[in-house]
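**Student:** Would you mind keeping the following structure in view while I ask a few things?
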Amino acid sequence: MTQLEENLEKLEESIAAACRAAGRARGEVELMAVTKTFPAETMLEAAALGLTLFGENRVQEYAAKALALHAADFWTRGVPERPRVLLIGHLQSNKAAKAAEIFDGVDSLDSARLAERLNEAAGKLGKRLPVLVEVKLSAEAAKTGVEPESAEAAALLERLPDFENIEARGLMTIAPWGAAEEVTRGCFRRLRVLREKWAQAHPRLRFDVLSMGMSGDFRLAIEEGATRIRVGTGLFGKRARPAETA
């Protein structure tokens, strides 16, 4: 058994246990393997083990990996199902066209302007791009996303249904780093409450996905209703260079 196989087995046991504790079925929680800073070969190995959803932080970094994966015939080389690769890091508007081209979705939509750019780019590519609205629920300056009570959030939610080439699927947030359990849980609970509030206020939008919880706090996220958790370190080990743990 390889190290990755062992890590995945332990992770699956932990996810299943968290689901049981929360009275939820394992199938209600989607696992995203966060491969930022790891090479294309790591993605190939993970996909061969059956992982079908990957998260990347930077457009430029994944663009290089995508070339390597294409050269390695990623989609057919022992992979049981075609994986999806989503952008989970902050996206600048000037990189929207490239992001729409290489990613299967963007989980970090945080402005109406960015939505416009993604919609335009996806239209030129003839694709409908799934997106999650990233919500900032932490006071940390490094965290990105729309402030839930801001004019930007209101404008984005109001305009999203009218974009033909992007499709809102839900919400994403990142809990404060190193916070006490009650603070982390409160962050996740607030996102769930926002989902319910916004779903009522904007019936034309879908809010099926709640992406919250990472290697150190996914158990709390599952208890609070996460439908997608993002795990990097818990699968692949420490990153090659300093980065926020996923």
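**Student:** How many residues, within the range 1-33, are surrounded by 13 or more Cβ atoms within 10 Å (Cβ to Cβ), over 18 Å from the mean Cα position of the chain (by Cα) and not in a helix (DSSP H, G or I)?
**Tutor:** Selection size over the range 1-33: 2.
**Student:** Ala168 is checked against (1) assigned to a helix (DSSP H, G or I); (2) out of contact with any Phe, Trp or Tyr (no Cβ under 7 Å at 6 or more places or on another chain); (3) closer than 29 Å to Gly232 by Cα and fails just one. What number does that condition carry?
**Tutor:** Every listed condition holds for Ala168 apart from (1).
**Student:** Checking Met43 against (1) modelled with pLDDT of 95 or more; (2) under 17 Å from the mean Cα position of the chain (by Cα); (3) not β-branched (Val, Ile, Thr), which test does it fail?
**Tutor:** The one condition Met43 does not meet is (1).
**Student:** Is it the case that the range 180-199 has a residue that's in contact with a Pro (Cβ under 7 Å, 6 or more places away or on another chain), free of Cβ contacts under 8 Å to residues at least 40 places away in the same chain and surrounded by fewer than 22 Cβ atoms within 10 Å (Cβ to Cβ)?
**Tutor:** Checked against the condition, which is being in contact with a Pro (Cβ under 7 Å, 6 or more places away or on another chain), free of Cβ contacts under 8 Å to residues at least 40 places away in the same chain and surrounded by fewer than 22 Cβ atoms within 10 Å (Cβ to Cβ), the range 180-199 yields at least one hit.
**Student:** Looking at Lys197, is it of a type outside the set (A, V, I, L, M, F, W, C), within 23 Å of Arg84 (Cβ to Cβ), at pLDDT 95 or above and out of contact with any strand residue (DSSP E or B) (no Cβ under 8 Å at 6 or more places or on another chain)? Before you say what the answer is, go through the steps one by one.
**Tutor:** Details: of a type outside the set (A, V, I, L, M, F, W, C): yes; within 23 Å of Arg84 (Cβ to Cβ): no; at pLDDT 95 or above: yes; out of contact with any strand residue (DSSP E or B) (no Cβ under 8 Å at 6 or more places or on another chain): yes.
Here the answer is no, as Lys197 does not meet what is asked.
**Student:** A follow-up question, please. Residue under question is Ile229, and the condition is that it be crowded, with 17+ Cβ neighbours inside 10 Å, in contact with a Ser or Thr (Cβ under 9 Å, 6 or more places away or on another chain) and under 16 Å from Glu13 (Cα atoms); does it hold? Outline the logic, then answer.
**Tutor:** Numbers: crowded, with 17+ Cβ neighbours inside 10 Å: yes; in contact with a Ser or Thr (Cβ under 9 Å, 6 or more places away or on another chain): yes; under 16 Å from Glu13 (Cα atoms): yes.
The answer is yes for Ile229.
**Student:** Quickly run through the range 119-159 and pick out the residues that are aliphatic (A, V, I, L, M), more than 18 Å from Arg206 (Cα to Cα) and part of a helix (DSSP H, G or I).
**Tutor:** Selection gives Ala121, Ala122, Leu125, Ala151.
**Student:** If you check every pair at least six apart or on different chains, which have Cβ atoms under 8 Å apart with a residue in the range 129-153 that is free of Cβ contacts under 8 Å to residues at least 24 places away in the same chain first and a residue that is in a loop (DSSP other than H, G, I, E, B) and surrounded by fewer than 19 Cβ atoms within 10 Å (Cβ to Cβ) second?
**Tutor:** Close Cβ pairs satisfying both conditions: Glu147/Lys136; Ala153/Glu147.
**Student:** Pick out the one residue from Glu101, Glu56, Glu6, Glu12 that is touching a Phe, Trp or Tyr at 6+ places or on another chain (Cβ under 6 Å), of a type in the set (D, E, K, R) and modelled with pLDDT of 95 or more. Please lay out each step first, then the result.
**Tutor:** Details: Glu101 fails: touching a Phe, Trp or Tyr at 6+ places or on another chain (Cβ under 6 Å); Glu6 fails: touching a Phe, Trp or Tyr at 6+ places or on another chain (Cβ under 6 Å); Glu12 fails: touching a Phe, Trp or Tyr at 6+ places or on another chain (Cβ under 6 Å).
Step by step, each of Glu101, Glu56, Glu6, Glu12 is checked, and only Glu56 is touching a Phe, Trp or Tyr at 6+ places or on another chain (Cβ under 6 Å), of a type in the set (D, E, K, R) and modelled with pLDDT of 95 or more.
**Student:** Additional query: When the residues of the range 216-229 are narrowed to those that are within 20 Å of Glu6 (Cβ to Cβ) and not in a helix (DSSP H, G or I), which ends up modelled with the highest pLDDT?
**Tutor:** Going residue by residue through the range 216-229, those that are within 20 Å of Glu6 (Cβ to Cβ) are 216, 218-219, 229.
After this cut, where a residue has to be not in a helix (DSSP H, G or I) as well, the list is 216, 229.
Numbers: Gly216: 94, Ile229: 98.
It comes out as Ile229.
**Student:** Further question: Among the candidates Lys98, Lys36, single out the residue that is in contact with a helix residue (DSSP H, G or I) (Cβ under 9 Å, 6 or more places away or on another chain), among the charged types (D, E, K, R) and outside any helix (DSSP H, G or I). I'd like the intermediate steps shown before the answer.
**Tutor:** Numbers: Lys98 fails: outside any helix (DSSP H, G or I).
Being in contact with a helix residue (DSSP H, G or I) (Cβ under 9 Å, 6 or more places away or on another chain), among the charged types (D, E, K, R) and outside any helix (DSSP H, G or I) holds for just one of Lys98, Lys36, which is Lys36.
**Student:** Right, here's the next one. Among the residues of the range 75-95, which ones are part of a helix (DSSP H, G or I) and either touching a Cys at 6+ places or on another chain (Cβ under 7 Å) or at pLDDT below 95 (or both)?
**Tutor:** Residues of the range 75-95 part of a helix (DSSP H, G or I): 93-95.
Result: Ser93, single match.
The values are calculated or read from the model by the stated rules, or taken from the named source; none is laboratory data. Treat the numbers as computed from the prediction; the structure is a model and nothing was measured. A quick note on method: Cβ atoms are made from the backbone with ideal geometry, for glycine too, and the neighbour counts reach across all protein chains shown.
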